[in-house]
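Here's the structure we're looking at; comments come further down.
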Amino acid sequence: MIVEMCQKPLPDKHVNLPQFATNSASQEESIIRDKTAMSEDFSKAQLIDLQTQFAFQEDLLSELNNIVIRQQAQIDALERELAVHRDKIIHVLDNLPEKGADGASLDERPPHY
């Protein structure tokens, strides 16, 4: 009986092995294509994300630039106002009488002290 079993041809399952190997190769190709497509989708998503961040940064930069321009205008106006006040103070100090109406110095104490 053992001799009879050894003389039987191999079952058909073994014949299908090369076909299985071919299916495996096509499955690998499919996996590689899927990974490539996923990689491309991921790259597109990254590109869109970077473009979005860039657009927000451009807007922020524009807003900050406008703020700096407005602040510089305020600084210029304050400097002009300071110069006007400085000139007024100098004018008042220059026009102060050095002596009182009776000819006494302003630094002298009045006689009743």
Discussion item. So if I place +1 on the C-beta of Lys and Arg and -1 on the C-beta of Asp and Glu, and nothing else carries charge, what would the dipole magnitude of the range 23-94 be about its Cα centre? I want it in debye, nearest 20.
Written reply: 220 debye
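Between residue 77 and residue 112, what length comes free when the chain is fully extended (0.36 nm per residue of separation minus the Cα-Cα distance, one decimal in nm)?
Computed gain between residue 77 and residue 112 is 7.7 nm.
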Worksheet item: Across the range 52-59, in residue order, what do the Karplus-derived ³J(HN,Hα) couplings come to in whole Hz, using 6.51 cos²θ - 1.76 cosθ + 1.60 with θ = phi - 60° and x for Gly and Pro?
Response: 5, 4, 4, 5, 5, 5, 4, 5
Practice prompt. Can you pull the one-decimal nm distance between simple spin-label points at residue 86 and residue 60, each 7 Å off the Cα toward Cβ?
Written response: 3.8 nm
Discussion item. Suppose the chain between residue 53 and residue 29 were pulled fully straight at 0.36 nm per residue; how much longer would it get relative to their current alpha carbon spacing?
Written reply: 5.1 nm
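Only the coordinates and a few stated rules stand behind these numbers; no lab work does. The model shown is predicted, which means the values in this text are computed figures rather than measured ones. Cβ sites come from the backbone with ideal geometry, for glycine too, and all protein chains shown count toward neighbours.
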